[in-house]
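The values are calculated or read from the model by the stated rules, or taken from the named source; none is laboratory data. Because the structure is a prediction, the values reported are computed rather than measured. For neighbour counting, all protein chains shown are included, and Cβ atoms are generated from backbone atoms with ideal geometry for every residue, glycine included. Just the protein is used for accessible areas: all its heavy atoms, side chains included, with ligands, DNA and RNA removed. Shrake-Rupley method; radii C 1.70, N 1.55, O 1.52, S 1.80 Å.
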Amino acid sequence: QVQLVESGGGLVQPGGSLRLSCAASRSLFSISVMGWYRQAPGKERELVAAMTRGGSTNYADSVKGRFTISRDNAKNTTYLQMNSLKPEDTAVYYCNAFIQTFGYWGQGTQVTVSS
């Protein structure tokens, strides 16, 4: 098992930046894949970015070049740096940890991009 706590969401103007954090209750080396997902009202949850234990990354086409996933192993924390934010990035953002055959979710953090 793992507990995940997200933070860093908020209200930002279009073109602005935010950094989300996801603190895990166990070592990131014990987690196969850490991912960030988002869910906008009326839409399905979608993958935004993911990083494997080995450091490989994957991004949704809609965020490539704008978002960056990273991690601090000493702090057991994964980050999502979001730049050049657009109104369509507005959603609840969730952290996910995939361990063996099960995915664990955080509680989510709201990101609103609006002028």
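Yes or no: segment 61-78 includes at least one residue that is of a type in the set (S, T, N, Q), part of a loop (DSSP other than H, G, I, E, B) and more than 16 Å from the chain's Cα centre (by Cα).
Within segment 61-78, not a single residue is of a type in the set (S, T, N, Q), part of a loop (DSSP other than H, G, I, E, B) and more than 16 Å from the chain's Cα centre (by Cα).
Among (1) surrounded by 13 or more Cβ atoms within 10 Å (Cβ to Cβ); (2) of a type outside the set (D, E); (3) modelled with pLDDT of 95 or more, which single condition is G15 missing?
Tallying (1) surrounded by 13 or more Cβ atoms within 10 Å (Cβ to Cβ); (2) of a type outside the set (D, E); (3) modelled with pLDDT of 95 or more, G15 fails exactly one: (1).
When you look at A23, is it closer than 16 Å to F98 by Cα and either open to solvent by less than 60 Å² (accessible area, probe 1.4 Å) or among the basic types (K, R) (or both), yes or no?
So A23 passes the test.
Can you spot a residue in segment 86-93 that is modelled with pLDDT of 95 or more, over 17 Å from F29 (Cβ atoms) and polar (S, T, N, Q)?
There is at least one residue in segment 86-93 that is modelled with pLDDT of 95 or more, over 17 Å from F29 (Cβ atoms) and polar (S, T, N, Q).
Counting only residues that are farther than 18 Å from C22 by Cα and open to solvent by 70 Å² or more (accessible area, probe 1.4 Å), how many does segment 57-86 have?
So the answer is 4.
Yes or no: segment 91-99 includes at least one residue that is open to solvent by less than 40 Å² (accessible area, probe 1.4 Å), of a type in the set (G, A, S) and farther than 15 Å from S17 by Cα.
yes
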